[in-house]
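Here the structure comes first, spelled out in structure tokens, and everything after it is commentary.
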Amino acid sequence: MSAAIIDGKAFAARVRAQVAGHVARLAAGGLVPGLAVVLVGDDPASAVYVRNKGIQTKEAGMASFEHRLPAETSEAELLGLIAALNADPAVHGILVQLPLPKHLDPDLVINAIDPAKDVDGFHISNVGLLGTGQKAMVPCTPLGCLMLLRDRHGSLAGMEAVVIGRSNIVGKPMAQLLLGDSCTVTIAHSRTRNLPEVCRRADILVAAVGRPEMVKGDWIRPGATVIDVGINRVPGEGGTSRIVGDVDFASAAAVAGAITPVPGGVGPMTIACLLANTLTACCRANGLPEPEGLTP
Ligand code: NAD
């Protein structure tokens with residue numbers, strides 16, 4: 001193995017510590033950033049995510065407001081809660097855990113959140129602001145990837161970046177952020193012809209596909225930086241399961257210059273960036289200077 005391992009777990013711990021330090025200074029002046037997380041239904045994976053978010057929010061010194069609603073919650077009830085959170089000055093960030101039960105329209109619900117409190121960065125206004133290079137709330141996972149890339153390379157200007165995946169949550173905002181940092185960006189997807197060849201031109205390869213170990217070592221340009229966003233559960237030994245990324249780590253690490261592991265790479269950055277976004281939203285809402293290095 002030749003690639004340097006990008007330790008997202010350690011980096012995320014530093015981001016959380018930076019956020020906590022800033023929050024402590026705000027709290028000394030009587031201002032406590034608050035994050036409201038809304039969970040509708042009883043999807044077990046979502047329940048784990050929401051619990052972890054609550055724990056880490058409190059560890060950072062922020063206020064955590066958890067709203068658990070039954071699966072049969074009506075659209076009107078959910079929109080009513082969002083309106084109340086929009087109006088609550090103690091709430092600086094609002095996150096509605098996705099996926100929602102089938103009878104609720106996620107676009108309608110997300111677009112009901114005050115864009116200034118939309119710490120997931122999914123509101124149509126924030127998508128537009130990011131796409132036009134204006135100050136936005138930026139989706140947490142791509143923001144975390146950008147932080148890791150800047151930490152490794154400093155300036156990304158002029159680099160060839162290939163993003164595999166065009167979802168609104170990861171692929172598209174990732175491509176926008178890389179473009180904002182003056183990369184030459186290609187977005188590849190399920191209909192891309194000759195994907196291995198497209199990937200081989202990348203100095204930066206971001207895989208956000210959801211297909212276990214799809215990207216092989218011979219798809220990677222020697223020395224490239226590989227960011228593996230994928231989280232895929234596959235069968236392990238003796239009836240257990242294990243988590244792998246979208247990149248075949250062993251063959252990729254033999255060729256890449258640097259690579260994020262799964263787990264321990266991008267994953268921990270997502271919640272760290274959620275906390276960073278909540279702090280940023282709080283500072284913006286109160287006309288205070290934003291902390292350095294936590295926004296694009
Ligand atoms: P998605 O299903 O919404 O999008 C997947 C994208 O991959 C699509 O745009 C599709 O065109 C593309 N794709 C599918 N098959 C392909 C193929 N054979 N070749 C090329 N492209 C192909 O998924 P998503 O929400 O963007 O998530 C992607 C992965 O990232 C998943 O494994 C998900 O679990 C993971 N994820 C991780 C985090 C994190 O915190 N680390 C956050 C969000 C998503």
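The values are calculated or read from the model by the stated rules, or taken from the named source; none is laboratory data. Values in this document were obtained by computation on a predicted structure and should not be read as measured data. Please note: Cβ atoms are built from the backbone with ideal geometry, for glycine as well, and neighbour counts cover all protein chains shown.
Pairs please, first residue from the stretch 152-180 and free of Cβ contacts under 8 Å to residues at least 24 places away in the same chain, second anywhere and in a helix (DSSP H, G or I) and of a type outside the set (V, I, T), Cβ atoms under 6 Å, 6+ apart in sequence or on different chains. Note: pairs meeting the criteria are R166/K172.
Which of the residues spanning the stretch 1-44 are in a strand (DSSP E or B) and touching a strand residue (DSSP E or B) at 6+ places or on another chain (Cβ under 6 Å)?
Looking only at the stretch 1-44, we keep the residues that are in a strand (DSSP E or B), and these are 4-5, 34-40.
Answer for the stretch 1-44, where residues must be in a strand (DSSP E or B) and touching a strand residue (DSSP E or B) at 6+ places or on another chain (Cβ under 6 Å): A4, G34, L35, A36, V37, V38, L39, V40.
Is it the case that some residue within the stretch 184-204 is of a type in the set (D, E) and within 10 Å of the ligand (Cβ to nearest atom)? Looking through the stretch 184-204, none of the residues is of a type in the set (D, E) and within 10 Å of the ligand (Cβ to nearest atom). Would you confirm, using the coordinates I've provided, whether T225 is in contact (Cβ under 8 Å) with a residue 40 or more places away in the chain, polar (S, T, N, Q) and near the ligand (Cβ under 10 Å from one of its atoms)? It is false that T225 is in contact (Cβ under 8 Å) with a residue 40 or more places away in the chain, polar (S, T, N, Q) and near the ligand (Cβ under 10 Å from one of its atoms).
Residues of the stretch 45-71 being in a helix (DSSP H, G or I) and either among the hydroxyl-bearing types (S, T, Y) or touching a residue at least 40 places away in the same chain (Cβ under 8 Å) (or both), which ones?
Restricting attention to the stretch 45-71, the residues satisfying the condition of being in a helix (DSSP H, G or I) are 45-59.
Within the stretch 45-71, S46, Y49, V50, N52, K53, Q56, T57, E59 meet the criteria.
Of all the numbered requirements in (1) surrounded by 14 or more Cβ atoms within 10 Å (Cβ to Cβ); (2) farther than 19 Å from E292 by Cα; (3) under 17 Å from the mean Cα position of the chain (by Cα); (4) free of Cβ contacts under 8 Å to residues at least 60 places away in the same chain, S125 misses one, and that requirement is (3).
Yes/no per residue for (1) out of contact with any helix residue (DSSP H, G or I) (no Cβ under 8 Å at 6 or more places or on another chain); (2) touching a residue at least 40 places away in the same chain (Cβ under 8 Å); (3) buried (at least 24 other Cβ atoms within 10 Å of the Cβ); (4) not assigned by TED's automatic domain parsing to the domain that holds K172:
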| position | (1), (2), (3), (4) |
| --- | --- |
| G238 | yes, no, no, no |
| G245 | yes, no, yes, no |
| V255 | no, yes, no, no |
| T260 | no, yes, yes, no |
| T278 | no, yes, yes, yes |
| P289 | no, no, no, yes |
| L294 | no, yes, no, yes |
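Taking each residue of the stretch 263-276 that is closer than 13 Å to I231 by Cβ and looking for partners that are in a helix (DSSP H, G or I) and among the hydroxyl-bearing types (S, T, Y) with beta-carbon atoms closer than 6 Å, six or more apart or interchain, yields T270/T141. Taken over the stretch 217-232, the criterion of being farther than 14 Å from T260 by Cβ and either modelled with pLDDT under 95 or surrounded by 15 or more Cβ atoms within 10 Å (Cβ to Cβ) (or both) is satisfied by G217, W219, R221, N232. Taking the conditions (1) of a type in the set (D, E, K, R); (2) within 13 Å of the ligand (Cβ to nearest atom); (3) surrounded by fewer than 20 Cβ atoms within 10 Å (Cβ to Cβ) in turn, D120 satisfies each one other than (3).
Here G223 passes the criteria (1) at negative phi; (2) not in a helix (DSSP H, G or I) except the one numbered (1). When R211 is tested against (1) near the ligand (Cβ under 10 Å from one of its atoms); (2) farther than 27 Å from P296 by Cα; (3) part of a loop (DSSP other than H, G, I, E, B); (4) in contact with a Pro (Cβ under 8 Å, 6 or more places away or on another chain), exactly one condition is not met: (4). Considering the stretch 146-204, the residues that are surrounded by fewer than 18 Cβ atoms within 10 Å (Cβ to Cβ) and acidic (D, E) include one that is nearest to K216 (Cα to Cα), namely E197. Restricting H92, H67 to those that are under 29 Å from V23 (Cα atoms) and buried (at least 20 other Cβ atoms within 10 Å of the Cβ) reduces the list to H92.
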